[in-house]
1. Without any contact (Cβ under 8 Å) to a residue 40 or more places away in the chain and either in contact with a helix residue (DSSP H, G or I) (Cβ under 6 Å, 6 or more places away or on another chain) or surrounded by 13 or more Cβ atoms within 10 Å (Cβ to Cβ) (or both): does that describe residue 12?
2. So which residues in the stretch 27-37 are exposed (fewer than 14 other Cβ atoms within 10 Å of the Cβ) and at pLDDT 90 or above?
3. Report whether or not residue 3 is surrounded by fewer than 10 Cβ atoms within 10 Å (Cβ to Cβ) and over 23 Å from the mean Cα position of the chain (by Cα).
4. With respect to the numbered conditions (1) exposed (fewer than 10 other Cβ atoms within 10 Å of the Cβ); (2) part of a loop (DSSP other than H, G, I, E, B); (3) modelled with pLDDT of 75 or more, which one is the sole condition not fulfilled by residue 47?
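The values are calculated or read from the model by the stated rules, or taken from the named source; none is laboratory data. Just so you know, these numbers come straight off a predicted model, no measurement behind them. When we count neighbours, we look across all protein chains shown, and the Cβ atoms used for this are built from the backbone with ideal geometry, even at glycine.
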């Protein structure tokens, strides 16, 4: 089957119904299944694109964490320091 091409191909904007050459119609930014003319084309803003969850989070050559949760130069952990002082309550409240 042959299709019309070039100056013989006409189409209608699926938003406003105006008649355009088929090569002027293009998929809409928000609804790609709609063929629209240049006056009705809506640009899809990049801020509204979904977040790419396939971003890499692993490091190639990680270094060990040497400053984990020590309470000072003594090398004791924060948990050990709190046990020695008897302070286990954080924050206010009643």
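1. yes
2. Once the filter is applied, which keeps residues that are exposed (fewer than 14 other Cβ atoms within 10 Å of the Cβ) and at pLDDT 90 or above, the stretch 27-37 yields only 27.
3. Criteria met by residue 3.
4. (2)
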